[in-house]
Amino acid sequence: MRCPFCAVDEDKVIDSRTSKDGSEIRRRRVCSGCDRRFTTYERVEEALPVVIKADERREPFDRNKIEKGLRRAIGKRPVPVAKISELAEAVERDLVELGVKELRTKDIGERILPLLRELDEVSYVRYASIYRDFRDIDEFVSELSDVIKARGR
């Protein structure tokens with residue numbers, strides 16, 4: 001593993017722990033070059049689909065991009081950071097279970113929306129406004145009306 005501080009390739013693992021759900025191994029390492037410590041995480045690589053972007057480019061699925069989008073939508077809302085990771089992980093598991101080779105970004109966004117709606121309605125509307133690409137205020141108001149109606153049930 002390359003040291004993030006000095007780029008030396010030699011290090012020693014000083015501690016390994018399995019995550020609570022058993023999906024990752026956390027390793028504490030010490031660099032042989034600069035003697036600084038750093039942490040790495042190891043997990044099984046799943047057979048994730050290739051993502052088809054709006055402009056038809058294709059790129060590998062990246063859970064970090066989902067988390068980044070969620071952090072923007074959830075910004076300044078009372079939602080714990082851990083919930084963002086949990087939601088992204090749930091979407092990733094869902095995509096693995098689908099077993100498809102390719103998937104459009106719109107489809108991924110639509111899978112995120114119901115989970116986000118349960119978590120925080122304001123974040124849901126923020127996220128929906130981007131992924132559903134509202135063309136005007138009427139579409140936005142229509143989405144808000146749906147949220148308000150669902151809340152009354």
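Looking at this structure, is PHE61 of a type in the set (Phe, Trp, Tyr), touching a Pro at 6+ places or on another chain (Cβ under 7 Å) and more than 24 Å from TYR124 (Cβ to Cβ)?
Answer is no for this residue.
Cβ contacts < 8 Å: first residue over 20 Å from ASP94 (Cα atoms) and in the same structural domain as GLU118 (by TED's automatic domain parsing), restricted to region 58-83; second residue among the hydroxyl-bearing types (Ser, Thr, Tyr) and surrounded by 10 or more Cβ atoms within 10 Å (Cβ to Cβ), any location; separation 6+ or different chain. Result?
ALA73/SER123; ALA73/TYR124; ALA73/TYR127; ILE74/SER123; ARG77/SER123; VAL79/SER123
All but one of (1) modelled with pLDDT under 95; (2) within 27 Å of ARG117 (Cα to Cα) hold for ILE52, so report the exception by its number.
Of (1) modelled with pLDDT under 95; (2) within 27 Å of ARG117 (Cα to Cα), only one is false for ILE52: (1).
Report yes if some residue within region 135-150 is touching a Leu at 6+ places or on another chain (Cβ under 7 Å), surrounded by 15 or more Cβ atoms within 10 Å (Cβ to Cβ) and not assigned by TED's automatic domain parsing to the domain that holds LYS20; otherwise report no. Break it down into steps so the answer makes sense when it comes.
To start, the set of residues in region 135-150 that are touching a Leu at 6+ places or on another chain (Cβ under 7 Å) comprises none.
Within region 135-150, none of the residues are touching a Leu at 6+ places or on another chain (Cβ under 7 Å), surrounded by 15 or more Cβ atoms within 10 Å (Cβ to Cβ) and not assigned by TED's automatic domain parsing to the domain that holds LYS20.
For region 38-68, name all the residues that are more than 30 Å from LEU98 (Cα to Cα) and surrounded by 14 or more Cβ atoms within 10 Å (Cβ to Cβ).
The answer is PHE38, and nothing else.
Surrounded by 15 or more Cβ atoms within 10 Å (Cβ to Cβ), assigned to a helix (DSSP H, G or I), in contact with a Phe, Trp or Tyr (Cβ under 8 Å, 6 or more places away or on another chain) and not hydroxyl-bearing (Ser, Thr, Tyr): which single residue out of GLU110, GLU92 fits that description?
GLU92 is the lone residue from the list that is surrounded by 15 or more Cβ atoms within 10 Å (Cβ to Cβ), assigned to a helix (DSSP H, G or I), in contact with a Phe, Trp or Tyr (Cβ under 8 Å, 6 or more places away or on another chain) and not hydroxyl-bearing (Ser, Thr, Tyr).
The values are calculated or read from the model by the stated rules, or taken from the named source; none is laboratory data. Because the structure is a prediction, the values reported are computed rather than measured. Here Cβ is always computed from backbone atoms with ideal geometry, including for glycine, and neighbour counts include all displayed protein chains.
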